[in-house]
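Trainee: Mind looking over this structure? Questions follow.
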Amino acid sequence: MRRTVTAVLALSTALALGACGADSDDRSVSPRPGQADTEDLTAGPSGAADEGIQVTTATLKDASGADKGTVEVNDLDGKTEFVFEVTGLPAGFHGLHLHKIGKCEPNSADPTDAAKKGDFLSSGGHLGEGDHPEHSGDLPPLLVQKDGSATMRVTTDRVNPDEILDQDGTAIVVHGEPDNFANIPKRYSSSGPDAETKKAGDAGPRVACGAFTPQ
Ligand SMILES: [Cu+2]
Ligand SMILES: [Zn+2]
């Protein structure tokens with residue numbers, strides 16, 4: 001019974017592949033009855049995954065200007081995909097957000113408070129309205145491995161490519177600390193997260209930044 005279901009699945013995958021014109025090999029268009037193997041299934045959906053349309057890319061740099069990797073933005077027709085390839089960062093979780101302005105300037109002023117200066121502060125606050133983590137620019141944290149590298153592919157329907165490439169652009173910012181997503185249990189504070197936490201999730205300093213700017 002299970003075999004039959006698997007075979008039907010593989011066949012429909014193959015038909016779907018054929019229908020959308022994806023390159024398919026003979027094996028996937030003609031599954032052997034009762035012998036549909038998992039290879040066919042994985043080669044189907046993942047191998048022919050819609051890669052979307054590349055919208056823009058950015059190079060991540062730290063405050064000294066050292067290269068820390070790349071971020072690619074793809075339009076998946078209603079969703080936006082970010083592909084991170086990062087190197088040379090401290091291991092562990094790092095808060096990750098889109099910030100309002102496409103500027104990555106070390107020791108720069110916060111646009112809402114000129115007296116406040118720090119690395120990449122001129123990129124402004126998180127993209128979007130409301131409290132953290134409901135900002136449209138809030139993303140899952142980046143997990144950096146022991147060797148300092150990180151790879152992540154993440155999809156969000158909170159932000160579209162036009163907003164990323166608006167007039168003043170957008171910055172992708174990697175923070176020095178994990179993001180707490182304003183998840184502060186009541187046993188720590190009966191009043192819940194404070195204004196600071198609701199603004200940015202206590203992700204700490206901005207350690208790397210990449211600017212998306214309209215061409
Ligand atoms: Cu941030
Ligand atoms: Zn936020």
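The values are calculated or read from the model by the stated rules, or taken from the named source; none is laboratory data. Remember, predicted model here, so these are calculated numbers, not experimental data. No Cβ is skipped: glycine too gets one built from the backbone with ideal geometry, and neighbour counts run over all protein chains shown. Surface accessibility is based on the protein's heavy atoms, side chains included, excluding ligands, DNA and RNA. Shrake-Rupley method; radii C 1.70, N 1.55, O 1.52, S 1.80 Å.
Trainee: Of all the residues that make up segment 113-133, how many are assigned to a loop (DSSP other than H, G, I, E, B), under 18 Å from the mean Cα position of the chain (by Cα) and either more than 9 Å from ligand 2 (Cβ to nearest atom) or without any contact (Cβ under 8 Å) to a residue 40 or more places away in the chain (or both)?
Mentor: Total meeting the criteria: 1.
Trainee: Can you give me the number of residues within segment 187-209 that are in a loop (DSSP other than H, G, I, E, B) and surrounded by 12 or more Cβ atoms within 10 Å (Cβ to Cβ)?
Mentor: Result for segment 187-209: 8.
Trainee: If you don't mind, there's one more thing I want to ask. What are the residues in segment 164-177 that are more than 15 Å from the chain's Cα centre (by Cα), open to solvent by less than 70 Å² (accessible area, probe 1.4 Å) and within 30 Å of D77 (Cα to Cα), if any?
Mentor: L165, D166, G169
Trainee: Inside segment 148-175, can you point out the residues that are among the polar types (S, T, N, Q), away from ligand 1 (no atom under 16 Å from the Cβ) and in contact with a strand residue (DSSP E or B) (Cβ under 8 Å, 6 or more places away or on another chain)?
Mentor: Within segment 148-175, S149, T151, T155, N160 qualify.
Trainee: Conditions first: (1) within 24 Å of D77 (Cβ to Cβ); (2) assigned to a strand (DSSP E or B). R158 passes all but one, so which condition is the exception?
Mentor: (2)
Trainee: Sort out which residues of segment 88-112 are open to solvent by 80 Å² or more (accessible area, probe 1.4 Å), in contact (Cβ under 8 Å) with a residue 60 or more places away in the chain and within 15 Å of V207 (Cβ to Cβ), and write them in order of number.
Mentor: P90, F93
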